[in-house]
Each structure stands twice: as structure tokens, then as C-alpha cells.
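Report on one structure; see the data block that follows.
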Amino acid sequence: QVQLVESGGGLVQAGGSLRLSCVASGIIFSINHMGWYRQAPGKQRELVATFTSGGSTNYADSVKGRFTISRDNAKNTVYLQMNSLKPEDTAVYYCKSERRSLVYWGQGTQVTVSS
């Protein structure tokens, strides 16, 4: 059974930082592309950052220079370090794993940034 479990969300003031974690089980983590997505109320889910199995990273323009994605294959964990948070970063953040046609999502963790 595949599980992706996010943690680290919470309430933070604008300008603050949070670090999200996503622990995966039931997959061969090292060969999966991992990513973070977010969905704000009334909006579609959008890509935040990805980290491929080959080591490439990609970021949404809105978070470049503020967020950093990393992964620890030994711990089956992907992280999202979020700095200089803005109220517009408020959303539910989801972890995603992908390997060919197999895609799995976590349950999400709420991030709320107050102004």
C-alpha cells in the first residue's frame, strides 16, 4: 500500500519560514519523481516544485528564490523549505510521487500565512 504523509504545515506570519516533509512508503522512492503542489481555496491545484529521480529540480516562478525542494532517498523523504512566505502562499500543500503512469498523492498539509 502506497502512502505519502505530509507534515510541517501551520500558521506563520508573512516573512516567516516553514519546512514541509513528505515521507513515502510502498514505493521505490529513489526512482520516483517527487513534487510539491498546492491548492488555494477556489483555485486549481498548481505545481510548486519538483525533484526528479535524476536530480533535476523545477520551480514555479512565484516561488523561485524563496522555496527549495530537496530529497533524502535514504529516508524516503522529500522536503520543501519555504522562506519569505507571503499571504498568497496560503494553501493546502500536497506531495506527489510519479513513476511512469503511477501517480500518488498525499492527504495535504495546510499552510496559512498571515499578513
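Around the amide H of GLY108, modelled in the peptide plane, lie the amide H atoms of GLU6, CYS95, all under 5 Å away and 5 or more residues distant in sequence or on another chain.
Kindly report the accessible area of the chain per residue (heavy atoms of protein chains, probe 1.4 Å, no ligands, DNA or RNA), in Å².
53 Å²
The share of alpha-carbon pairs in the chain lying farther apart than 20 Å comes to 34%. Apolar share of the accessible surface for the chain: 47 percent from carbon plus sulfur atoms, 1.4 Å probe. Couplings for the range 22-30, taken from phi via the Karplus curve 6.51 cos²θ - 1.76 cosθ + 1.60 with θ = phi - 60°, read 9, 9, 9, 9, x, 10, 7, 4, 5 Hz in order; Gly and Pro are left as x. A simple rule links phi to the HN-Hα coupling: the Karplus curve 6.51 cos²θ - 1.76 cosθ + 1.60 with θ = phi - 60°, which for the range 48-63 gives 9, 7, 10, 9, 6, 5, x, x, 8, 10, 8, 10, 5, 4, 5, 10 Hz, with x for Gly and Pro. Only Cα pairs under 8 Å and 6+ residues apart enter the sum, and on that basis the relative contact order of the range 28-78 stands at 31 percent. Computed over the chain, relative contact order equals 36 percent, with contacts defined as Cα pairs under 8 Å that lie 6+ residues apart.
Judged by the mean number of other Cβ atoms found within 10 Å, the most tightly packed of the peptides 79-85, 104-110 leads the ranking 79-85, 104-110. Using alpha carbon centroids, what distance separates the range 76-115 and the range 1-22, in Å? Distance between centres, Cα-based: 7 Å.
Taking the chain as the region of interest, the number of lysine pairs whose Cα atoms are within less than 20 Å, with members eight or more places apart or on different chains, is 5. Note on ARG45 and GLN81: with the Förster distance fixed at 22 Å, the Cβ-Cβ geometry gives a FRET efficiency of about 0.60. Taking amide H atoms as placed 1.01 Å from N in the peptide plane, the amide H of GLY10 lies under 5 Å from those of VAL111, THR112, each 5 or more residues away in sequence or on another chain. Put a dot 7 Å past the Cα of TRP105, heading toward its Cβ, do the same for ASN58, and the two dots end up 1.8 nm apart.
The values are calculated or read from the model by the stated rules, or taken from the named source; none is laboratory data. This one's a predicted model, so the numbers in the text were calculated from it and none came from an experiment. When we count neighbours, we look across all protein chains shown, and the Cβ atoms used for this are built from the backbone with ideal geometry, even at glycine. Ligands, DNA and RNA are excluded from the accessible area calculation, which covers all protein heavy atoms including side chains. Shrake-Rupley method; radii C 1.70, N 1.55, O 1.52, S 1.80 Å.
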